[in-house]
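Heads up, the thing below is written out as structure tokens.
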Amino acid sequence: GKGLRCLLNIPHTDVYRNAHHSSGRFCFQSSQPPGEKIPSLQISSVGQLPRHFSAWNIKIRSFHTSPSLQAAPVPLFWILVKPAQKLFAIILGRSIRNWWKALPPNKRELFKESARKNKWKILLGVSSLGVVFVMFYFTHLEETPITGRARLLVFGKEHFRELSQMEYDMWMEEFKGQMLPETDARYQVVERVVGHLSESNKDIPQVSALKWVIHVVDEPGVNAFVLPNGQVFVFTGLLDAVSDIHQLSFILGHEIAHAVLEHAVKKASLVHFLDFLSLIFLTMIWAICPRDSLAVVGQWIQSKLQEFMFDRPYSRTLEAEADKVGLQFAAKACVDVRASSVFWQQMELAETIQGQPKVPEWLSTHPSHENRAEHLDRLIPEALKIRESCNCPSLSGPDPRLIFRLNVQHLLESSKGRETPNSTKQDPSKPKLDFAHT
């Protein structure tokens, strides 16, 4: 029945030493020899307060739930055509500038006078071009699965699935010596979690249509991503960073949501549309600027404005959408959704302890850890209702968010107790702890 979804079958897990046994949330119950499967892994939110999170003990790399390269494949023809279009715009703009400079003064005046006389025709032509772009935009809008939000789709989804195979081959070549075998307990934990999430959400056509294939990479980076064709890549660094099976289920639900919502196609479509519009501005920059050096600066400014005003905010929007849908996937799988925001608070705390500099959110393609935790906290009540509607067993024990706050308080009190009374200067080699947000 649905109430048994909280029981996930996993194999013998003696080798899974980094499963945060101190938190008391992994309930491994086995007296069988290695190699044989045990009946179940019970998801429990009850346990002793952990004295430490192992995420504090590992080197945190900036965690983005996507690979260091762009997870979304782009159409191959666009890779080839895009530089050629920019080069054509630069040559055209520069040619217009040189042509204008070569004109005699009297012809320049005649040209200006003709432009003033025909300004309405010129305005009508520019307006017509704008109408064409608007029509193109609205005729290529489709409804996003699950959320129902309108999205721009320029490329065909089947084209992306073909190219995602090419990207899959690239990642397999890069990680060929780091792939964990299927007999590894860490692989089997990820396999069970992904299988449980897909089975619990098989009523969604986009989930049941994809075949989810697991790849666990022995890599310390805290990372995970899913390609559009359902290839799931999880780094062992992520398995070390999560405190329990609930957090892992939410993270993988988030990644599955990226694939189900077809964010790769959406992102590439928007970038293609904006780049095409930017060709007009690029031509104008090279035509108006009096020198090539100024045109290069203008082109750089135009590209950065596009990146920080459109590209990165849109990426953050997609991440927030994947968080919301991924939380719903986890709720239908009877996961303790309250643990989702705790994961991002742990990541924030770990980076603070390690003294890593904070990057402003507007400079990043992902929301900040703190903002993600707050966003998830606002979504948790709705997710709990979804969980209840699926006849999931009641959540027992304290709220994991409360446990986290108590652990942070305990950490602060311990660190204060270790300080000497006469110590007024802080050791510069140690990072300053600032947990006001927590």
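A few points about this structure:
- For the stretch 152-173, the set of residues classified as at pLDDT 75 or above and open to solvent by less than 70 Å² (accessible area, probe 1.4 Å) consists of L163, S164, E167, Y168, W171, M172, listed by residue number.
- Taken over the stretch 377-411, the criterion of being open to solvent by 60 Å² or more (accessible area, probe 1.4 Å) and part of a helix (DSSP H, G or I) is satisfied by R378, P381, E382, K385, E388, S389, L402, R405, L406, Q409, H410.
- Any hit, the stretch 373-380, residues being free of Cβ contacts under 8 Å to residues at least 12 places away in the same chain and over 23 Å from the mean Cα position of the chain (by Cα): no
- A Cβ distance below 9 Å, combined with a sequence gap of six or more or placement on separate chains, defines the contacts here; from the stretch 138-160, residues that are closer than 14 Å to F273 by Cβ and basic (K, R) reach residues that are in a loop (DSSP other than H, G, I, E, B) and modelled with pLDDT under 75 in the pairs R151/T144.
- Residues located in the stretch 279-290, provided they are open to solvent by 10 Å² or more (accessible area, probe 1.4 Å) and not in a loop (DSSP other than H, G, I, E, B): L279, I280, F281, T283, M284, I285, W286, A287, I288
- Residue check for V216: part of a loop (DSSP other than H, G, I, E, B), crowded, with 20+ Cβ neighbours inside 10 Å and not polar (S, T, N, Q): no
- Selection count where residues are open to solvent by less than 10 Å² (accessible area, probe 1.4 Å), under 13 Å from R186 (Cα atoms) and assigned to a loop (DSSP other than H, G, I, E, B), scope the stretch 219-243: 1
- For the stretch 398-414, residues that are over 31 Å from the mean Cα position of the chain (by Cα) and either hydroxyl-bearing (S, T, Y) or within 18 Å of F343 (Cβ to Cβ) (or both) total 1.
- Look at the stretch 381-408: where a residue is at negative phi and a partner is open to solvent by 60 Å² or more (accessible area, probe 1.4 Å), sitting 6+ places away or on another chain with Cβ atoms under 7 Å, you get C390/K2; C392/K2; S396/V46; I403/L49; L406/L49; N407/L49.
- Only one entry of F310, F273, F250 meets the criterion of being within 30 Å of Q231 (Cβ to Cβ), open to solvent by 40 Å² or more (accessible area, probe 1.4 Å), hydrophobic (A, V, I, L, M, F, W, C) and in a helix (DSSP H, G or I), and that entry is F310.
- Residue match in the stretch 227-248 (condition: at pLDDT below 95, closer than 19 Å to H263 by Cβ and small (G, A, S)): yes
- Unmet criterion (only one of (1) more than 21 Å from H366 (Cα to Cα); (2) in contact with a Lys or Arg (Cβ under 7 Å, 6 or more places away or on another chain); (3) in contact (Cβ under 8 Å) with a residue 24 or more places away in the chain) for I285: (2)
- Scanning the stretch 313-359 for residues that are among the charged types (D, E, K, R), open to solvent by 30 Å² or more (accessible area, probe 1.4 Å) and under 24 Å from P145 (Cβ atoms) yields R316, K324, K332.
Yes/no per residue for (1) closer than 16 Å to S278 by Cα; (2) assigned to a helix (DSSP H, G or I); (3) open to solvent by less than 70 Å² (accessible area, probe 1.4 Å):
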residue	(1), (2), (3)
K86	yes, yes, no
A89	yes, yes, yes
G93	yes, yes, yes
S127	no, yes, yes
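- Checked against (1) out of contact with any strand residue (DSSP E or B) (no Cβ under 6 Å at 6 or more places or on another chain); (2) without any contact (Cβ under 8 Å) to a residue 60 or more places away in the chain, A259 meets all criteria but (1).
- S364 satisfies every condition listed in (1) open to solvent by less than 40 Å² (accessible area, probe 1.4 Å); (2) at pLDDT below 95; (3) within 20 Å of V242 (Cα to Cα); (4) within 23 Å of the chain's Cα centre (by Cα) except (3).
The values are calculated or read from the model by the stated rules, or taken from the named source; none is laboratory data. Because the structure is predicted, anything quoted here is derived from the model rather than measured. No Cβ is skipped: glycine too gets one built from the backbone with ideal geometry, and neighbour counts run over all protein chains shown. For accessibility, only protein heavy atoms count, side chains too; no ligands or nucleic acids. Shrake-Rupley method; radii C 1.70, N 1.55, O 1.52, S 1.80 Å.
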